[in-house]
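What follows is one structure encoded as structure tokens, with my remarks underneath.
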Amino acid sequence: MAKNDEARPIIIKKVKKGGGGGHHGGAWKVAYADFVTAMMAFFMLLWLLNVSDKETLEGLADYFTPSSASVSGKSGAGKPLAGASIAASGLANASGSITPISGPPPTSKPDQNRDSKAADNAENPQADFEDKLKDETNEAMNALEETLRQAIQDSPELAQHKDQILIEQTPEGVRIQITDKDGRSMFEPATANLYNYAKRLIREIGGITATLPNRIAILGHTDGGSFGAGSDYTNWELSADRANSARRVLAETGVSSDRFSEVIGKSSSEPLYPNQIMRAENRRISILVLREAPVVLPNARR
């Protein structure tokens, strides 16, 4: 036994004790940089949400909607919907200076409501017909307002008194108001007799409105003054008589009688300047071209 043990070779094992890890490269730095960048973007988004107005927030919502991005070609770049750029005014309110934000140009957002409406109209011809009439009416109202404003510039008579003519669109239609000015009244004092210049103004307006099929409402307004005690004639009668005087002048320009929907005296119940009821501008005539669809289809009027 001793001899065999001596014949075996002696094996020496070297064991290295564990030490510190070796060099792992800079991959952790890249990951950390990505993390810091993501956190910066996150806090920037929170800041924008806090300082932005409603329209800007809607734009951000559209930008981050999954359906708003589309992949193009090999670049893989998404195209944001309209509203992706942040309004500079919101940033100006927060920091006191406008910070421009650049980005890809926005594309138009699909109008799902319009597509749905078109689909419904395809099944309901009456609804489609009514929508077309509504669109045509809106276009006619816009055209009338533009025509009146252009006429004021082109007509020496209207331009001379443009500070007495107010034009605006309302839910009821296009309202044209002719007001008094200090030292320049439309009517003789306490009567419904129009001065010649006021008649010419109403004729100019009547010549334009006479070309439309829409009905017309005429309203007379007075200031907050009153007649003497015991008088049976009040601002109610006066405002109604003045509205009728304006109606007669419009009729002379070719506006047919069936187009007058109402002639009303409002007295001083609706002053143009509620805090100054005696101002001359409160004395006025309102000519309202009503917003209503034509009786026949556009294609039938030839």
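Throughout, read-outs are computed from the coordinates displayed, never taken from laboratory work. This one's a predicted model, so the numbers in the text were calculated from it and none came from an experiment. FYI the Cβ positions are ideal-geometry reconstructions off the backbone, even for glycines, and counts take in every protein chain you see.
Dipole magnitude for region 127-300: computed about the Cα centre from +1 point charges on Lys and Arg Cβ and -1 point charges on Asp and Glu Cβ, it is near 500 debye.
All Cα-Cα separations within region 127-300 were binned at 5 Å from zero, giving a P(r) of 1, 8, 17, 20, 19, 14, 9, 5, 3, 2, 0, 0, each value a whole percent of the pairs.
The residue list Asn244, Leu272, Gly206 was ranked by how far each Cα lies along the charge dipole of region 197-295 toward its positive end, using unit charges on Cβ atoms, and Gly206 comes out on top.
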